[in-house]
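First comes the structure, then the notes that go with it.
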Amino acid sequence: MPLTHIFDTHSHYDDPKFDPDRYELIASLFSRGISGIVHAATDLDSTRFGLEISRKFEKYYAAAGIHPDSAERTCEDDLYEVRALAKSSKKVVAIGEIGLDYHYEGFDRGAQTDIFRKQIDIANELGLPVIVHCRDAVGDCLQILREKRPKGVMHCFSGSWESARELLGLGFYIGFTGALTFKNAKKAVEVAQKMPLDRLVLETDCPYMAPEPFRGRRSDSSMILMTAARAAEIRGIDPDDLAAAAEQNAKRLFGIDG
Ligand SMILES: [Zn+2]
């Protein structure tokens with residue numbers, strides 16, 4: 001199936017799961033007409049890898065940032081490097097993924113909130129949106145966003161309608177992965193139904209979060225077709241119209257022309 005109007009706002013093509021066929025796979029996605037792919041960086045090496053891929057493919061865009069899982073290992077020099085890498089290429093369209101992740105035991109909340117705040121400052125200074133990862137930390141996340149007011153997207157949204165409404169009020173976009181197709185995705189379904197269409201974007205978070213019927217397998221950007229179909233079903237509109245709207249939203253969010 002052609003991938004016209006499919007825009008993947010969040011991918012991890014630097015993941016080792018793509019080592020066997022990374023460039024062939026990305027080339028095939030673009031030959032099928034995919035509109036764009038954004039590389040969500042997780043650390044400095046991942047940022048550099050995304051920049052390298054973005055030099056090979058016109059519509060592959062990079063982001064610069066350090067994921068909360070790496071916050072404790074991050075120093076001021078690393079943040080300086082995030083800023084330098086973000087400024088190094090016009091293909092860098094966001095700072096991310098950044099945020100808070102309180103899911104696992106033993107994390108350092110202070111380090112996470114500190115690194116999150118400082119990276120939002122970089123985004124605001126450079127006029128870039130942020131790609132936010134927020135897991136089991138919605139209260140702290142919203143508080144920091146309210147205070148710093150970056151533009152951006154909440155990725156892989158699975159929170160309540162109440163927190164979605166707050167994010168929308170802050171001007172945020174909301175990203176849905178293949179998890180929207182899962183049977184237990186009740187809260188995400190409610191948000192996808194109630195939110196304004198002009199703030200909805202689609203993503204894979206590949207190689208993770210493959211939609212039904214591929215759940216558990218390595219995902220890639222072509223599988224957004226299933227997520228788009230599910231979102232369209234939830235909203236009672238045509239899948240092509242939904243994909244086209246999400247594509248336009250993504251381009252507006254990341255400042256991409258055309
Ligand atoms: Zn991610």
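Fully extending the segment from E72 to D241 would add 56.6 nm, taking 0.36 nm per residue of separation and subtracting the current Cα-Cα distance.
If packing is taken as the average count of other Cβ atoms within 10 Å, what order do 212-223, 121-132 fall into, highest mean first?
On the way: 212-223: 17.4, 121-132: 20.4.
Result, highest mean Cβ count within 10 Å first: 121-132, 212-223.
Each label was represented as a point 7 Å from its Cα along the Cα-to-Cβ direction; for R32 and Q193 these points are 3.0 nm apart.
How big is Rg to Rh over segment 7-254, alpha-carbon atoms, Rh as the Kirkwood inverse-mean-distance radius?
Numbers: Rg = 16.7 Å, Rh = 17.8 Å.
Result: Rg/Rh = 0.94.
Only lysine pairs 8 or more places apart, or on different chains, with alpha-carbon atoms under 15 angstrom apart are counted in the chain, and they number 11. Between E247, E52, E147, the residue with the greatest mean-square fluctuation in the GNM of the chain (Cα pairs under 10 Å linked by springs) is E147.
Can you tell me which of A63, A192, A84 moves the most in a GNM of the chain? Springs connect C-alpha atoms under 10 Å apart. Among A63, A192, A84, the largest mean-square fluctuation in the Gaussian network model of the chain belongs to A84.
Residue separation of E52 and D121 scaled by 0.36 nm, minus their Cα-Cα distance, works out to 22.3 nm of gained length. Working value for segment 3-111: equivalent-ellipsoid semi-axes of 27, 15, 12 Å, each the square root of 5 times a Cα gyration tensor eigenvalue, largest first. Computed per residue of the chain from DSSP H runs no shorter than four, each worth -39500 (n - 2.57), the mean residue ellipticity at 222 nm is -13500 deg cm²/dmol. The Cβ shell under 12 Å around F7 holds other residues with a net charge of 0, Lys and Arg each +1, Asp and Glu each -1.
For segment 2-62, the Kirkwood hydrodynamic radius from C-alpha pairs, put into Stokes-Einstein at 10 °C and a viscosity of 1.306 mPa s, yields a diffusion coefficient of 137 µm² per second. Between K56, K118, K90, the Gaussian network model of the chain with springs among Cα atoms under 10 angstrom shows the greatest mean-square fluctuation at K90.
Taken together, the values in this text are just the output of simple stated rules run on the coordinates, not laboratory data. Everything quoted here is computed from the prediction, not taken from an experiment. Cβ sites come from the backbone with ideal geometry, for glycine too, and all protein chains shown count toward neighbours.
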